[in-house]
Amino acid sequence: MIPFFDRIPFLKKVSGTVKEMWLGIGLWGIAAGIVILLFAKDKAGCLLGLLIGCLLACVCVWHMWRALDAALDLGDGAQKYVTVRSLARYGAIVLVFAVLAVTGAADPLAAFAGLVGMKASAYLQPFVHRYLEKRRR
């Protein structure tokens with residue numbers, strides 16, 4: 001799939017779609033980082049916030065994949081399992097943003113922009129997949 005990801009043993013087990021989503025989040029992060037470098041006053045705080053948001057998006061994509069993969073084997077308890085996992089994920093997102101807001105360690109708005117990379121990546125994934133498939137041939 002993506003040569004870099006296949007060199008890390010832990011990532012060999014991760015779905016190809018998740019890896020493509022991570023690549024899309026990375027592309028989103030690069031594009032947003034360029035915009036930050038051009039227009040932001042506090043470049044360091046904004047770039048750190050963007051990095052935190054992109055990493056949070058990558059963790060959320062991985063967590064969704066794990067939760068949905070496990071739920072497929074549960075049968076009747078699947079809906080409750082997915083709901084609990086989703087609430088835990090949302091709680092973690094709120095916790096990260098609360099820490100950023102209280103400490104001022106990074107820009108929460110830039111972190112949100114990084115988290116939005118998860119949504120952008122979902123839209124980019126079919127294009128990334130097609131590009132990687134053409135490149136593999």
Would you kindly state how much longer the chain becomes between residue 15 and residue 80 on full extension, computed as 0.36 nm times their sequence separation minus their alpha carbon distance, in nm to one decimal?
21.1 nm
Give a residue-ordered list of calculated ³J(HN,Hα) values for segment 36-47 (Karplus: 6.51 cos²θ - 1.76 cosθ + 1.60, θ = phi - 60°; whole Hz; x for Gly, Pro).
4, 4, 7, 10, 7, 7, 9, 4, 5, x, 5, 5
Given the rule -39500 (n - 2.57) for each run of at least 4 DSSP H residues, summed and divided by the residues of the chain, what is its mean residue ellipticity at 222 nm, to the nearest 500 deg cm²/dmol?
-28500 deg cm²/dmol
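Got a sec? How would 118, 21, 64 order by Cβ neighbour count within 10 Å, fewest to most?
Ranking 118, 21, 64 by Cβ neighbours within 10 Å, fewest first, gives 64, 118, 21.
In the structure displayed, which of 41/134; 19/80; 12/134; 12/43; 43/119; 13/43 lie more than 32 Å apart, Cα to Cα?
The answer is 41/134; 12/43; 13/43.
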Give the calculated FRET efficiency between residue 131 and residue 37 to the nearest 0.05, with a Förster radius of 35 Å applied to their Cβ-Cβ distance.
0.85
Taking 0.36 nm per residue of sequence separation and subtracting the Cα-Cα distance, how much length would be gained by fully extending the chain between residue 68 and residue 98, in nm to one decimal?
8.1 nm
In Hz, Karplus ³J(HN,Hα) per residue of segment 109-118 (6.51, -1.76, 1.60; θ = phi - 60°; x = Gly, Pro):
5, 5, 5, 5, 4, x, 5, 5, x, 5
In whole angstrom, the spacing between the Cα centers of segment 107-133 and segment 4-63 equals 8
What list of ³J(HN,Hα) values in whole Hz, one per residue of segment 129-137 in order, does the Karplus curve 6.51 cos²θ - 1.76 cosθ + 1.60 (θ = phi - 60°) give from phi, with Gly and Pro shown as x?
4, 4, 4, 5, 5, 5, 5, 5, 6
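No value in this document is a laboratory result; all are computed from the given coordinates. Since this is a predicted model, take the numbers as computed values, not measurements. Glycine gets a Cβ as well: all are built from the backbone with ideal geometry, and neighbour counts include every protein chain shown.
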